[in-house]
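Student: First the structure, which I've put down as structure tokens, then a few questions once you've had a look.
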Amino acid sequence: MPNTPALLPGDTARIRHGRLRNRLAEVLRVDGRHATVITAAGESVVPLSCLEVE
């Protein structure tokens with residue numbers, strides 16, 4: 001995905017769509033095309049395409 005910015009553990013991102021949309025998340029791990037993030041709702045795995053770097 002050339003238009004997806006690189007995310008690193010510790011980065012903050014906003015979830016753009018899905019059931020967690022508009023939440024801020026801290027990136028815990030990045031694995032291929034998915035990232036494990038933590039939000040106020042807990043830990044989730046989301047596609048990188050759903051994340052927008054803050």
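Bear in mind these aren't lab numbers, they're just calculated from the coordinates by the rules spelled out. It should be emphasised that the depicted structure is a prediction, and the values quoted were computed from it without experimental measurement. Neighbour counts run over all protein chains shown; Cβ positions are idealised from the backbone, glycine included.
Student: Would you mind working out the magnitude of the charge dipole of the chain relative to its Cα centre, with +1 at each Lys and Arg C-beta and -1 at each Asp and Glu C-beta, to the nearest 20 Debye? Walk me through the intermediate numbers first.
Tutor: Numbers: 7 positive and 6 negative charges, 50 e Å.
Charge dipole, the chain, about its Cα centre: 240 debye, nearest 20.
Student: At 0.36 nm per residue, minus the direct Cα-Cα distance, what do L28 and A41 gain on full extension? Give it in nm, one decimal, please.
Tutor: Full extension from L28 to A41 adds 3.2 nm.
Student: In the neighborhood of T36, defined by Cβ-to-Cβ distances under 14 Å, what is the net charge if each Lys or Arg adds +1 and each Asp or Glu adds -1? It would help to have the intermediate numbers written out before the result.
Tutor: Working: positive: R29, R33; negative: D11, E26, D31, E43.
Taking every other residue near T36 into account, the sum is -2.
Student: May I ask for the net charge around N22, where only other residues with Cβ less than 9 Å from the Cβ of N22 are counted and Lys, Arg are +1 while Asp, Glu are -1? Present the calculation step by step, with values, prior to reporting the outcome.
Tutor: On the way: positive: R14, R16, R21, R23; negative: none.
Here the count lands on +4.
Student: Once you list every other residue whose beta carbon is under 12 Å from the beta carbon of P9, what net charge do they have if Lys and Arg are +1 and Asp and Glu are -1? Can you show the working numbers first?
Tutor: On the way: positive: R29; negative: D11, E26, D31.
Residues close to P9 contribute a combined charge of -2.
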